[in-house]
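The values are calculated or read from the model by the stated rules, or taken from the named source; none is laboratory data. Just so you know, these numbers come straight off a predicted model, no measurement behind them. Cβ sites come from the backbone with ideal geometry, for glycine too, and all protein chains shown count toward neighbours.
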């Protein structure tokens, strides 16, 4: 497919000295905004990632699913672009490097649900990312698209709103999800959460 999948990752995403802390297990997921709404570009896939502890050692296994979508208005369609991630993903055409503000887009959605457990099998718990609000998107290379915005993430003490989130698509095969560690007590460590892009679908009227 000629369009890329939504992945958001800011240029400084790798520069945080963060660590993943254990938290109490949560009782299951709630389903937030998982419905795809045509027309638009939609994508989905799996989460499969290792997160580090305070010493930089891989300590947490993250596993789950994500989906995303970017419904397109006439301007977006005319430009040939769109992005899809439902749990939510966004794809964009692989053209020249550019940045688009959210004012030129319609509805962008991104949701993810995943388990987090230590590599020794302890401290299993759940997280969900939802209520994604796109602020800007760009194509730094022909194979990479970046989507920046804010989202809600469920934590031990309840959902935390308005967390800066950056999602990046890499070569239509990999997705990286970065959440500002200062807003969530460095819970996911010092690297983005990685996953795979299983499919991308364009829905037209």
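Taking segment 104-124, which residues are modelled with pLDDT of 90 or more and buried (at least 19 other Cβ atoms within 10 Å of the Cβ)? 110, 111, 112, 113, 114, 116, listed by residue number.
Taking every residue in segment 160-173 that is part of a loop (DSSP other than H, G, I, E, B) and pairing it with any residue that is buried (at least 20 other Cβ atoms within 10 Å of the Cβ), at least 6 positions away or on another chain, the pairs with Cβ-Cβ distances below 7 Å are 172/4; 172/5; 172/197; 172/200; 173/197.
With respect to (1) over 18 Å from residue 116 (Cα atoms); (2) more than 14 Å from the chain's Cα centre (by Cα); (3) at pLDDT 90 or above, the lone exception for residue 203 is condition (3).
When residue 75 is tested against (1) at pLDDT below 50; (2) touching a helix residue (DSSP H, G or I) at 6+ places or on another chain (Cβ under 8 Å); (3) buried (at least 24 other Cβ atoms within 10 Å of the Cβ), only condition (3) is not met. Selection of first residues in segment 181-193 that are under 18 Å from residue 126 (Cβ atoms) and of second residues that are at pLDDT below 95 and not in a loop (DSSP other than H, G, I, E, B), restricted to Cβ pairs under 6 Å at least 6 apart or on distinct chains, gives the following pairs, ordered by first then second residue: 189/52. The single condition among (1) without any contact (Cβ under 8 Å) to a residue 24 or more places away in the chain; (2) in a strand (DSSP E or B); (3) closer than 24 Å to residue 61 by Cα that residue 120 does not meet is (2). If only residues of segment 39-59 that are over 20 Å from the mean Cα position of the chain (by Cα) and farther than 22 Å from residue 173 by Cβ are counted, the one that is modelled with the highest pLDDT is 59.
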